[in-house]
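Written out below as structure tokens is the structure these notes cover.
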Amino acid sequence: MSGSSINFYSAVQAKGIDNALSYAQQFANSQGHSWTEGSSVIFRASSIEQLAPSFRGKILTNEQAIEKWVNAHFGDFNNRPSQRVSNPPGTKHDSALDMVIKAKLNHLTDDDLDSIKWAHRLGMSAENIFGTILEEYLSVRLAPHNWYCAWGSVLKAVDFVSSDGQFLQVKSRNNTENSSSNKIRLGTDIKKWWRFHATNGSTNWPELNQKLGINTLSEDDFKSFVLQLVTNNPSAMAVEQDNSWNP
């Protein structure tokens, strides 16, 4: 084996998809992960060259490349919002922003500005996990329809794969897709859906139901899921200890 790094796609090609899948399942089981039909669906999709993941770091063997896939996929699944303990925002508040607000609304007191600061940081914490909460909601609701989540960014520009080989890319908002994802989707049959329209505030669940041929997804159901998830796992959303909104 040469000293050059091996990518996931070439590793699967070298071993053959069935042998690679068998090795992935054995390695996952050895690490205490529960391999499912959905895992197999996502793994097979990851072996498509255009969608295959690019892992950081030097990979010297085909087995290491497959192990990277397993660790990424199950590591992210096991850290999904319903299970995770989130960290508070890593950025500091810029007090000069308070002066901008004070200049515009000079009736605000220092306590008002402090409350605004901490409320903003709560919003940042919520936004940090919101996209993955949406993914978890869809993973739960779509699994009975044989659609599975590509946890761990093990597919490029694809978030869900169906057992019959369809692809779906999901965005929280209509204005968040980057150009690299768009380029990958060109010439491929990947469905695209966004939940929230950033300009008019509408949501887009009827379109997703239509695309997938179901009628079970709705904004009310999603909000109920969010409420239950964070109620059951308050650690999903980090709140700084000195936040004035803490009880």
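The values are calculated or read from the model by the stated rules, or taken from the named source; none is laboratory data. Keep in mind the model is a prediction, meaning the values are calculated, not measured. Heads up, the Cβs are rebuilt from the backbone with ideal geometry, glycines too, and the neighbour counts pull from every protein chain shown.
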Residue check for Ile17: at pLDDT 95 or above, surrounded by fewer than 16 Cβ atoms within 10 Å (Cβ to Cβ), of a type in the set (Val, Ile, Thr) and within 23 Å of Gln166 (Cα to Cα): yes
Which of the following residues is at pLDDT 95 or above, more than 19 Å from the chain's Cα centre (by Cα), over 30 Å from Ile66 (Cβ atoms) and in a loop (DSSP other than H, G, I, E, B): Asn209, Asn200? Asn200
From the list Ile116, Ile133, Ile101, which residue is in contact with a helix residue (DSSP H, G or I) (Cβ under 8 Å, 6 or more places away or on another chain) and under 27 Å from Arg195 (Cα atoms)? Ile133
Condition first: out of contact with any Ser or Thr (no Cβ under 8 Å at 6 or more places or on another chain) and touching a residue at least 60 places away in the same chain (Cβ under 8 Å). Now tell me which residues in the range 75-114 satisfy that. Gly75, Phe77, Ser82, Gln83, Asn87
All positions within the range 188-230 that are closer than 27 Å to Ser86 by Cα and surrounded by fewer than 17 Cβ atoms within 10 Å (Cβ to Cβ): His197, Ala198, Thr203, Ser218, Glu219, Asp220, Asp221, Lys223, Ser224, Leu227, Gln228
What residue, among those in the range 52-79 that are among the aliphatic types (A, V, I, L, M) and modelled with pLDDT of 95 or more, is nearest to Val161 (Cα to Cα)? Ala52
Over the range 115-167, the set of residues touching a residue at least 60 places away in the same chain (Cβ under 8 Å), of a type in the set (D, E, K, R) and either assigned to a helix (DSSP H, G or I) or not assigned by TED's automatic domain parsing to the domain that holds Trp193 (or both) is Arg121, Glu136, Arg141
For the condition without any contact (Cβ under 8 Å) to a residue 60 or more places away in the chain, crowded, with 16+ Cβ neighbours inside 10 Å and closer than 20 Å to Asn7 by Cα, what is the one hit in Ala28, Ala72, Ala52? Ala28
Subset of the range 233-247 (residues that are exposed (fewer than 15 other Cβ atoms within 10 Å of the Cβ) and either farther than 11 Å from Trp118 by Cβ or in contact with a Cys (Cβ under 8 Å, 6 or more places away or on another chain) (or both)): Pro234, Ser235, Gln241, Pro247
Can you tell me which residue among Thr91, Thr61 is within 27 Å of the chain's Cα centre (by Cα), among the β-branched types (Val, Ile, Thr) and surrounded by fewer than 17 Cβ atoms within 10 Å (Cβ to Cβ)? Thr91
